[in-house]
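To start, the structure under review is shown below, and the notes come after it.
The values are calculated or read from the model by the stated rules, or taken from the named source; none is laboratory data. For clarity, every value in this text was computed on a predicted model and none was experimentally measured. For neighbour counting, all protein chains shown are included, and Cβ atoms are generated from backbone atoms with ideal geometry for every residue, glycine included. The accessibility values were calculated without ligands, DNA or RNA, using every heavy atom of the protein model including side chains. Shrake-Rupley method; radii C 1.70, N 1.55, O 1.52, S 1.80 Å.
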Amino acid sequence: MGSKIPHCAKRENVGGKLKKEKLTQRRIQMEKQKIEEKKQKILELVREFCAKNLDEEHFELAERLTLKLGRKRNVPFINGQPKIWAVAIIHAIGTINFLFDNSFEPYISVNDLNSYFETNKVTTTSKSKQIRDLLKLEMWDNEFSTKKMKESNPIANLVMVDGIIVPLSSLPEQYQQAVKHARAENKDISFTTK
């Protein structure tokens with residue numbers, strides 16, 4: 001037969017469990033506070049850089065990206081310096097929007113970007129790639145592309161009808177509007193005639 005646990009020992013065990021739960025809740029709260037502080041510092045750095053060197057649209061995209069990273073289960077910027085994350089976020093947005101191509105406006109070189117933040121090019125590109133891989137960012141990304149990039153997307157003028165890709169302009173106006181409306185909401189649409 002098993003030995004009986006005294007009633008007072010049961011209470012202590014329950015109390016120990018409550019203590020662990022309180023500690024866990026406190027850690028979670030501290031973690032959330034640390035994330036929020038880091039996020040605000042990153043946004044401050046990004047805002048300052050964009051105000052001096054880019055434009056409001058790039059800041060809004062970088063802000064949206066930062067907020068999305070902050071909602072991840074494992075927030076990547078919890079570790080590391082805020083300036084490294086700020087430059088990497090700008091680099092990630094810049095990479096998918098041709099920011100480093102001098103035939104585009106606005107333009108900045110990767111060297112100038114790193115110079116501003118006093119960061120290393122290798123670290124910046126590595127963190128930027130980490131962000132782009134984590135969020136699956138690519139050229140003409142619906143969520144993180146500038147308006148100009150969205151408008152220049154060669155695929156934006158195509159739509160699938162009965163499994164065949166056709167020019168959007170070949171559809172009646174009401175269907176063109178339906179496609180544009182769906183894409184504005186980051187959705188896609190195709191048609192079948194059968």
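From the set of residues in the stretch 156-183 that are of a type outside the set (D, E, K, R) and closer than 21 Å to LEU61 by Cα, which is surrounded by the fewest Cβ atoms within 10 Å (Cβ to Cβ)?
Start the filter on the stretch 156-183 by keeping residues that are of a type outside the set (D, E, K, R), which leaves 156-161, 163-172, 174-179, 181-182.
From what is left, the residues that are closer than 21 Å to LEU61 by Cα are 156, 181-182.
Working: ALA156: 16, HIS181: 11, ALA182: 14.
Per the criteria, the residue is HIS181.
What number of residues within the stretch 53-63 satisfy the criterion of being free of Cβ contacts under 8 Å to residues at least 60 places away in the same chain, within 13 Å of the chain's Cα centre (by Cα) and surrounded by 15 or more Cβ atoms within 10 Å (Cβ to Cβ)?
3
Yes or no: LEU113 in a loop (DSSP other than H, G, I, E, B) and either at pLDDT below 90 or among the aliphatic types (A, V, I, L, M) (or both)?
In short, no.
Show the residue pairs meeting these rules: Cβ distance below 6 Å; 6+ apart or different chains; first residue within the stretch 149-174 and β-branched (Val, Ile, Thr); second residue assigned to a strand (DSSP E or B) and at pLDDT below 90.
VAL161/PHE191; ILE165/LEU158
For the stretch 17-69, which positions are touching a Phe, Trp or Tyr at 6+ places or on another chain (Cβ under 8 Å) and of a type in the set (Gly, Ala, Ser)?
Correct list: ALA51 only.
Hey, any hits in the stretch 128-136 for a residue that's under 25 Å from HIS91 (Cα atoms), touching a residue at least 60 places away in the same chain (Cβ under 8 Å), in a helix (DSSP H, G or I) and not hydrophobic (A, V, I, L, M, F, W, C)?
Taking every residue of the stretch 128-136 in turn, none turns out to be under 25 Å from HIS91 (Cα atoms), touching a residue at least 60 places away in the same chain (Cβ under 8 Å), in a helix (DSSP H, G or I) and not hydrophobic (A, V, I, L, M, F, W, C).
Is there a residue in the stretch 99-110 that is closer than 21 Å to ILE35 by Cα, part of a helix (DSSP H, G or I) and of a type in the set (Val, Ile, Thr)?
Among the residues of the stretch 99-110, not one is closer than 21 Å to ILE35 by Cα, part of a helix (DSSP H, G or I) and of a type in the set (Val, Ile, Thr), which makes the answer no.
Checking MET139 against (1) without any contact (Cβ under 8 Å) to a residue 40 or more places away in the chain; (2) open to solvent by 30 Å² or more (accessible area, probe 1.4 Å); (3) not in a helix (DSSP H, G or I), which single condition isn't satisfied?
Result: MET139 passes all but (1).
Table: residues versus (1) open to solvent by less than 60 Å² (accessible area, probe 1.4 Å); (2) under 17 Å from SER109 (Cα atoms); (3) in contact with a strand residue (DSSP E or B) (Cβ under 7 Å, 6 or more places away or on another chain).
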residue: LEU65; (1), (2), (3): yes, no, no
residue: PHE77; (1), (2), (3): yes, no, no
residue: GLN81; (1), (2), (3): no, no, no
residue: ILE84; (1), (2), (3): yes, yes, no
residue: ILE89; (1), (2), (3): yes, yes, no
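Go through (1) under 20 Å from GLU143 (Cβ atoms); (2) in a helix (DSSP H, G or I); (3) in contact (Cβ under 8 Å) with a residue 24 or more places away in the chain; (4) of a type in the set (Lys, Arg) and name the single condition ARG47 misses.
With (1) under 20 Å from GLU143 (Cβ atoms); (2) in a helix (DSSP H, G or I); (3) in contact (Cβ under 8 Å) with a residue 24 or more places away in the chain; (4) of a type in the set (Lys, Arg) applied to ARG47, the lone miss is (3).
Could you grab me the full set of residues in the stretch 105-127 that are closer than 21 Å to ALA51 by Cβ, touching a residue at least 12 places away in the same chain (Cβ under 8 Å) and open to solvent by less than 70 Å² (accessible area, probe 1.4 Å)?
PRO106, ILE108, VAL110, LEU113, ASN114, PHE117, THR119, THR124
Within the group ASN153, ASN186, which residue is within 29 Å of SER128 (Cβ to Cβ) and surrounded by 10 or more Cβ atoms within 10 Å (Cβ to Cβ)? Outline the logic, then answer.
Working: ASN186 fails: surrounded by 10 or more Cβ atoms within 10 Å (Cβ to Cβ).
Matching residue, one of ASN153, ASN186: ASN153.
Given the criteria surrounded by 17 or more Cβ atoms within 10 Å (Cβ to Cβ), among the hydroxyl-bearing types (Ser, Thr, Tyr) and within 15 Å of the chain's Cα centre (by Cα), does THR95 qualify?
yes
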